[in-house]
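Here is the structure we will look at.
The values are calculated or read from the model by the stated rules, or taken from the named source; none is laboratory data. Everything quoted here is computed from the prediction, not taken from an experiment. We place every Cβ from the backbone using ideal geometry, glycine too, and count neighbours over all the protein chains shown.
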Amino acid sequence: MSKEAKQKDHKKSEYKTLLLVPFLALAMALSYKLFIFPNNFAPSGVGGIATMIQYLFKFNAGYLNLLINIPLLIIAWKLVDRGFVIKTALFTLCFSGFLMLFDHLGLDFSKFAYHTNTGTSTILAPIAAAVVNGAMFGISLRIHGSCGGTDIVSFCIRHYHPEFNVAWISFVLNVVIAAASYFVYGFQFEPVICCIIYVFVLTVIGNSVVRGAQSALKFEIITQDPEALSADLMKELKHGVTLLSAEGAYTHEQKSLVICIVNKHQIADIQGIISKYPGSFAYITQVSETLGNFRKIK
């Protein structure tokens, strides 16, 4: 493929990514209306600040979210690459816009919202919101964007400390902000606890999405029958294998190392194949995600 064709494909991929961002923002805006606003707790971060101000002064959180994020985006424009800022700005505009639009149109979400004041479990609201928003957070990071707010702060910190985990930086910053909800919601600990639950679940879900859903298992097998074992693996599992030379440090005996990446449901099959070759030794490693060619061979 020529350089021009690759650039064209890259631009097309970027356009598709930008089209995805408004749907992520809509899903998060709906989770705020259905789970967060009706249950009087702050989801932490910039969204939490906007939620608490809305609770106190009845000022639409969409405007506040936009006002707080604008200076953060300006700072990020100088520190982080432009693609990240563009996607984050688009998400922020869409998320704030949907919240403002819902109020402008007078949409009533009360029939669909989850209310904890009816005797139902209090923690289900932050958990439900965190699952939805955690997925949106993770997808945003995977497409090299963010949901704004403390995510932008985290990426700016990572500009100077790239070894830091962005999701856990956000978690620490969000817990600090969550403490303020104690004073806002009538000096009660329940909103603070709900906020901490929300942030924790969101972080776990977000990290899981970032690591990827295409997880697999890597088998590394030391054997004296590499050809026969490899043939069985390719025939039965329909995945390719890699052969490397290996030498025992104690006996200096020459053997082979067979590497095979398989799907999780194939673990019993590969164990059955290895058992046919006495003297073979294998160990399994969890693979978070596979990139490139992981198609089954014909």
Anything in the range 38-57 that is in contact (Cβ under 8 Å) with a residue 40 or more places away in the chain and either assigned to a helix (DSSP H, G or I) or outside the structural domain of Leu202 (by TED's automatic domain parsing) (or both)? List them, or say none. Pro38, Asn39, Gly45, Val46, Gly47, Gly48, Ile49, Met52, Tyr55, Leu56
Here is a list of conditions, (1) free of Cβ contacts under 8 Å to residues at least 24 places away in the same chain; (2) closer than 20 Å to Val201 by Cα; (3) in contact with a helix residue (DSSP H, G or I) (Cβ under 7 Å, 6 or more places away or on another chain), and Ile157 meets all of them except one; can you say which number that is? (2)
Can you confirm whether the range 280-298 contains a residue that is loosely packed, with under 12 Cβ neighbours inside 10 Å, at pLDDT 85 or above, outside the structural domain of Thr51 (by TED's automatic domain parsing) and of a type in the set (Gly, Ala, Ser)? no
Just need a number here: residues in the range 114-165 that are in contact with a Phe, Trp or Tyr (Cβ under 6 Å, 6 or more places away or on another chain) and surrounded by fewer than 23 Cβ atoms within 10 Å (Cβ to Cβ). 4
Going by the structure shown, is Ser208 in contact with a Cys (Cβ under 6 Å, 6 or more places away or on another chain), small (Gly, Ala, Ser), under 28 Å from Lys264 (Cβ atoms) and in contact (Cβ under 8 Å) with a residue 60 or more places away in the chain? no
Test set (1) in the same structural domain as Ile53 (by TED's automatic domain parsing); (2) at pLDDT below 90; (3) surrounded by 12 or more Cβ atoms within 10 Å (Cβ to Cβ) - Gly186 fails condition number: (3)
Would you please name the residue that is farthest from Glu289 (Cα to Cα), looking only at residues in the range 218-254 that are among the acidic types (Asp, Glu) and outside any strand (DSSP E or B)? Glu253
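Yes/no matrix, rows are residues, columns are (1) within 14 Å of the chain's Cα centre (by Cα); (2) hydrophobic (A, V, I, L, M, F, W, C); (3) farther than 19 Å from Gln54 by Cα:
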position: Val132; (1), (2), (3): yes, yes, yes
position: Arg142; (1), (2), (3): yes, no, yes
position: Ser154; (1), (2), (3): no, no, yes
position: Arg158; (1), (2), (3): no, no, yes
position: Glu163; (1), (2), (3): no, no, yes
position: Ala178; (1), (2), (3): no, yes, no
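Tell me, yes or no, whether the range 65-76 has at least one residue that is at pLDDT below 85, assigned by TED's automatic domain parsing to the domain that holds Ala129 and either within 17 Å of Ala130 (Cβ to Cβ) or crowded, with 18+ Cβ neighbours inside 10 Å (or both).
Taking the range 65-76 and keeping what is at pLDDT below 85, we get none.
No.
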Failed item, numbered, when His252 is tested on (1) surrounded by fewer than 18 Cβ atoms within 10 Å (Cβ to Cβ); (2) under 38 Å from the mean Cα position of the chain (by Cα); (3) not aromatic (Phe, Trp, Tyr): (2)
Inside the range 115-143, the number of residues satisfying the requirement of being at pLDDT 85 or above and farther than 24 Å from Val175 by Cα is 1
